[in-house]
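The values are calculated or read from the model by the stated rules, or taken from the named source; none is laboratory data. Here the structure is a predicted model, which means the values were calculated and not measured. Note that each Cβ is placed from the backbone with ideal geometry, even for glycine, and that neighbours are counted across all protein chains shown.
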């Protein structure tokens, strides 16, 4: 899915480029992604609306419209990109990509295109200020990059309530607002915590280390993406240490990165750096055992 560093890069660009632009036409290529929570066609609801701002709420992208003119409905547009969703700004006359889901033609001759080749994302059109139909909108966890709120003490308190595995915890948007598959793997690797480790078994020291790794991973990834300035619809992942690197050497110890399933998600980890006590073949090698295999 589009994750926090991706959105932190894309949203300011969208906000700058779309401010004051009016919707001139609407195209829907993949209606399965649509969730329209008020009566009327998309043309009736969106054409003539003027974009006033673009903001992030966890993994949601909120497109706010200016107060509508007489006879126009007051609406909000919310996109949840999910696994493969991404945005593109392109001239309306340009050929549409095969994965185009929804496009808004703007009054400057460009289109805001939402692309989704697996059609898992959602595009919500709802009454202004009423997000009850946007699944997950109300239950948003703590912002990892808010230093005043995301403290060691708060993270320990959240963790002590959990009965699940570390990767599941990090990806729970009702607890923590920032992580999808890729950066959950990266933070766990940086903290030397196995993705299948039971959260309640982690010590205060391990939780503090994970807290710090979460902040560092997101901060550094956001800075790297901003530095490289990729096209709006490109997701940079080539600088990640373990994600999608099955079989590659761990950047820290040289062992081979492995892949495992965690509650329907895949997880990439180093079996030497991220030990799972009692986990059999899932990274339970002790440092002593690992050293023996090298002699």
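Among the residues of the range 221-245, those identified as surrounded by 13 or more Cβ atoms within 10 Å (Cβ to Cβ), assigned to a loop (DSSP other than H, G, I, E, B) and touching a helix residue (DSSP H, G or I) at 6+ places or on another chain (Cβ under 9 Å) are 230, 232, 233, 235, 236, 237, 240, 241, 242, 243, 244.
Please determine whether any residue of the range 69-77 is within 25 Å of residue 231 (Cα to Cα), in contact with a helix residue (DSSP H, G or I) (Cβ under 9 Å, 6 or more places away or on another chain), at pLDDT 95 or above and surrounded by fewer than 17 Cβ atoms within 10 Å (Cβ to Cβ). Scanning the range 69-77 turns up no residue that is within 25 Å of residue 231 (Cα to Cα), in contact with a helix residue (DSSP H, G or I) (Cβ under 9 Å, 6 or more places away or on another chain), at pLDDT 95 or above and surrounded by fewer than 17 Cβ atoms within 10 Å (Cβ to Cβ). The listed residues are 136, 141, and the only one of them that is in contact with a strand residue (DSSP E or B) (Cβ under 6 Å, 6 or more places away or on another chain) and not assigned by TED's automatic domain parsing to the domain that holds residue 22 turns out to be 141. Out of all the residues in the range 191-205, which are part of a helix (DSSP H, G or I) and buried (at least 17 other Cβ atoms within 10 Å of the Cβ)? The answer is 191, 199.
Just one of (1) part of a loop (DSSP other than H, G, I, E, B); (2) surrounded by 14 or more Cβ atoms within 10 Å (Cβ to Cβ) fails for residue 218. It is (1).
Looking only at the range 1-59, count how many residues are without any contact (Cβ under 8 Å) to a residue 24 or more places away in the chain and either touching a helix residue (DSSP H, G or I) at 6+ places or on another chain (Cβ under 8 Å) or part of a helix (DSSP H, G or I) (or both). Qualifying residue count, the range 1-59: 4.
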